Amino acid sequence: MDTKKLNLYMSILKVGLVAIGVIACLFLFGGADMNSTMEEQVSFRDGMSLGFSVSFTGFLIFACIGLILIFFVVQLISNPKKTIMSIIGVVVALVLYLIFLMVGTSDTNESLQLALDVQVEQGTIVSTTAGLYLVITLIVIALLAAVLAPVMGKLRK
């Protein structure tokens, strides 16, 4: 297939998916909210607009997961060394997250000073804290690598 035609088809696909997503959002914005009566909320929940929006979102999530898996397989075939290094990086990030998750946190709803109507489960607090620690750790590692890479290059020469 010609590259120009492929780019055209991909642009049409992107615009089409965005248009469908905007229509789904408009369905949600035009639906019932917490100030509506209970009958309107039940009607909206069981109606077509919410069903369409949820189905479209689910389709996008599964399509993205499929594309990611296809990408890894194609990359593994065409460039195995870099792809294996990328997969190792993802596994290392997962292991770090699990370590932070097992360590836990001493934060509670009270120590976070959450409002009484915004109370969350302790598991949510622990997993969010683990995710934040992971992101901060990876940013520090990336900054150290960016700063130390030129220095290490000069030391090798």
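The values are calculated or read from the model by the stated rules, or taken from the named source; none is laboratory data. Bear in mind the structure is a predicted one, so any value in this text is a computation, not a measurement. Every residue, glycine among them, receives a Cβ derived from its backbone with ideal geometry; neighbour counts consider all protein chains shown.
Listing for the model above:
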| read-out | value |
| --- | --- |
| Identity of the residue in the stretch 76-105, among the polar types (S, T, N, Q) and under 21 Å from the mean Cα position of the chain (by Cα), that ends up farthest from Glu121 (Cα to Cα) | Thr83 |
| Helices (runs of 4 or more DSSP H) lying entirely in the stretch 1-99 (those with 2 or more residues that are under 30 Å from Val135 (Cα atoms) and at pLDDT below 90) | 48-78 |
| Every pair of residues 6+ apart whose Cβ atoms lie under 9 Å, when the first sits in the stretch 123-148 and is under 19 Å from Leu94 (Cβ atoms) while the second is small (Gly, Ala, Ser) and assigned to a helix (DSSP H, G or I) | Leu134/Ala93; Leu138/Ala93 |
| Pair list, Cβ under 7 Å, 6 or more apart: the stretch 65-76 residue not assigned by TED's automatic domain parsing to the domain that holds Val90 and of a type in the set (Phe, Trp, Tyr), other residue in a helix (DSSP H, G or I) and surrounded by 10 or more Cβ atoms within 10 Å (Cβ to Cβ) | Phe72/Thr83 |
| Condition met for Thr137 (assigned to a helix (DSSP H, G or I), in contact with a Leu (Cβ under 7 Å, 6 or more places away or on another chain) and of a type outside the set (D, E, K, R)) | yes |
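A quick yes/no check of all residues on (1) surrounded by 11 or more Cβ atoms within 10 Å (Cβ to Cβ); (2) closer than 18 Å to Leu60 by Cα; (3) in contact with a Phe, Trp or Tyr (Cβ under 9 Å, 6 or more places away or on another chain):
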residue: Leu6; (1), (2), (3): no, no, no
residue: Val22; (1), (2), (3): no, yes, no
residue: Met38; (1), (2), (3): no, no, no
residue: Val42; (1), (2), (3): yes, no, no
